[in-house]
1. When ligands, DNA and RNA are left out and all protein chains stay put, how many square angstrom of accessible area per residue does the range 3-89 have with a 1.4 Å probe?
2. In nm, to one decimal, how far is the modelled label at E51 from the one at E5, with both set 7 Å along Cα→Cβ?
3. Rounded to whole Å and sorted largest first, list the principal axis extents of the Cα atoms in the chain.
4. Show which lysines lie in cross-link reach of K36 when reach means a straight Cα distance below 22 angstrom and same-chain residues fewer than eight apart are skipped.
5. For the pair E24 and K79, what calculated FRET efficiency results from E = 1/(1 + (r/R0)^6), where r is the Cβ-Cβ distance and R0 = 22 Å, to the nearest 0.05?
6. Run the accessible area of the chain with a 1.4 Å probe and give the carbon-and-sulfur part as a rounded percent.
Amino acid sequence: MNVLEELRREIDRIDECLLDAVIERLKVAREIGRVKAQEGLPLTDEEREKELRERWRKRFKTEGLDPALADIVLASILKVSKEVQRGVIGDG
Ligand SMILES: C=C(O[C@@H]1C=C(C(=O)O)C=C[C@H]1O)C(=O)O
């Protein structure tokens, strides 16, 4: 196996972990959506999203990555998370 193939195998392995984590996260988000629906709470919590953004930015920075990239990844996750919650809570 050449170096490129080896590295791609590594990416495939990591993607499996990412998929597991993303799916698990979405299932928890859906549960949160159900709780919010029961309690009449809004779908979006700006304060919580800010906390997450700060944590992600800090972690990217620590790993020598541009913190602006953390915003891009997290924004996609939040978008999908809220889409899943919308299925159980409606708009908000
Ligand atoms: C899951 C929640 O709902 C929304 C989605 C979030 C997320 O996916 O992390 C965070 C805040 C909320 O805007 C929550 O309130 O915790």
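1. On a per-residue basis, 79 Å².
2. 4.8
3. If we take the Cα atoms of the chain, the spans are 55, 25, 14 Å.
4. Straight-distance partners of K36: K27, K50, K79, K82.
5. Plugging the Cβ-Cβ distance into 1/(1 + (r/R0)^6) gives 0.80.
6. 56
The values are calculated or read from the model by the stated rules, or taken from the named source; none is laboratory data. As the structure is a computational prediction, the values presented were derived from the model and not from experiment. We place every Cβ from the backbone using ideal geometry, glycine too, and count neighbours over all the protein chains shown. Areas reflect the complete protein model, heavy atoms only, side chains present, ligands, DNA and RNA absent. Shrake-Rupley method; radii C 1.70, N 1.55, O 1.52, S 1.80 Å.
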